[in-house]
1. Test E49 against the criterion of being without any contact (Cβ under 8 Å) to a residue 40 or more places away in the chain, under 11 Å from the mean Cα position of the chain (by Cα) and within 16 Å of the ligand (Cβ to nearest atom), and give yes or no.
2. Considering only segment 16-29, I want to know if a residue exists there that is surrounded by 11 or more Cβ atoms within 10 Å (Cβ to Cβ), in contact with a helix residue (DSSP H, G or I) (Cβ under 6 Å, 6 or more places away or on another chain) and modelled with pLDDT of 90 or more.
3. Please find, among I48, I63, I52, the residue that is outside any helix (DSSP H, G or I) and either among the basic types (K, R) or modelled with pLDDT of 90 or more (or both).
4. Would you check if there is a residue in segment 14-37 being more than 30 Å from E82 (Cα to Cα) and either in a helix (DSSP H, G or I) or touching a Gly at 6+ places or on another chain (Cβ under 9 Å) (or both)?
5. Search segment 68-83 for residues that are in contact (Cβ under 8 Å) with a residue 12 or more places away in the chain and within 11 Å of the ligand (Cβ to nearest atom) and pair each with any residue that is among the hydroxyl-bearing types (S, T, Y) and in a strand (DSSP E or B) when their beta-carbon atoms are under 9 Å apart and the residues are at least 6 apart or on different chains.
Amino acid sequence: MNKPIDRNYFKKKNNPRSKKGPRFTKCCGQDKDLDNLNVNYSEDWKLIENHIERHLREYTKHISVTPVSCEQCGIFLEYVTEIDIDKTLGFYEKAD
Ligand SMILES: [Zn+2]
């Protein structure tokens, strides 16, 4: 009431998880303004699971996918894929 409403107002409104303070997390240096997945949130974890499930179905030579996240805040950082090298070599032989 009686306050100007600017872009930050909507940024906060649309992203209720973002907190006041520095823009980047101290633990892993991630930009808090970005809509990072967080393994501590069950709905985000489901998205990560779905991604891995699709990935493993699509890439049959890939043995496993590790969702790497920050141990302090749980922000998802990257997928690390374990690849079956023997099968991959076989694949390239066939491709020739
Ligand atoms: Zn972190």
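The values are calculated or read from the model by the stated rules, or taken from the named source; none is laboratory data. Everything quoted here is computed from the prediction, not taken from an experiment. Quick reminder, even Gly has a Cβ in these numbers, built from the backbone with ideal geometry, and neighbours come from all protein chains shown.
1. no
2. no
3. Being outside any helix (DSSP H, G or I) and either among the basic types (K, R) or modelled with pLDDT of 90 or more (or both) holds for just one of I48, I63, I52, which is I63.
4. Scanning segment 14-37, I find at least one residue that is more than 30 Å from E82 (Cα to Cα) and either in a helix (DSSP H, G or I) or touching a Gly at 6+ places or on another chain (Cβ under 9 Å) (or both), so the answer is yes.
5. Correct list of pairs: I75/S69; F76/S69; L77/S69.
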